[in-house]
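These notes are about the structure you will find just below.
The values are calculated or read from the model by the stated rules, or taken from the named source; none is laboratory data. As the structure is a computational prediction, the values presented were derived from the model and not from experiment. Cβ atoms come from the backbone with ideal geometry, glycine included; neighbour counts cover every protein chain shown.
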């Protein structure tokens, strides 16, 4: 599995078809050996709202850019005062080449055919 980079921002937490609350997110992306992009990370919102939605399976995040991502909690329990939770992310994830490493470096694009130079004979 290869690390692709991070995805950070703000968005709107959706539960079913209803808007729940604004949310901040910080996700990491990975490229699996099968070539599939996967992601996980943290969402942050008010502790009371997080307690209300914790454990639900119909949660989605609409990012400020318009992506819709499905969220699944990866923890079994939530502390009473927590305002952050770890989630697994599925849905409209960027393609592997579109992730940004934390340093700002872009994931490599597929290699092109090497340039062939003509051989000059003397």
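Among the residues of the range 3-19, what is the count of those that are part of a strand (DSSP E or B), without any contact (Cβ under 8 Å) to a residue 60 or more places away in the chain and surrounded by fewer than 18 Cβ atoms within 10 Å (Cβ to Cβ)?
Matching residues across the range 3-19 total 7.
Residue by residue, here is whether (1) loosely packed, with under 10 Cβ neighbours inside 10 Å; (2) out of contact with any helix residue (DSSP H, G or I) (no Cβ under 8 Å at 6 or more places or on another chain); (3) at pLDDT below 75; (4) not in a strand (DSSP E or B) holds:
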| position | (1), (2), (3), (4) |
| --- | --- |
| 41 | no, yes, no, no |
| 52 | no, yes, no, yes |
| 75 | no, yes, no, yes |
| 82 | no, no, no, yes |
| 85 | no, no, no, no |
| 90 | no, yes, no, no |
| 93 | no, yes, no, yes |
| 108 | yes, no, yes, yes |
| 121 | yes, yes, yes, yes |
- [ ] Quick one: residue 69 ticks every box in (1) in contact with a strand residue (DSSP E or B) (Cβ under 8 Å, 6 or more places away or on another chain); (2) outside any loop (DSSP other than H, G, I, E, B); (3) free of Cβ contacts under 8 Å to residues at least 24 places away in the same chain except a single one, so which number is it?
- [x] (3)
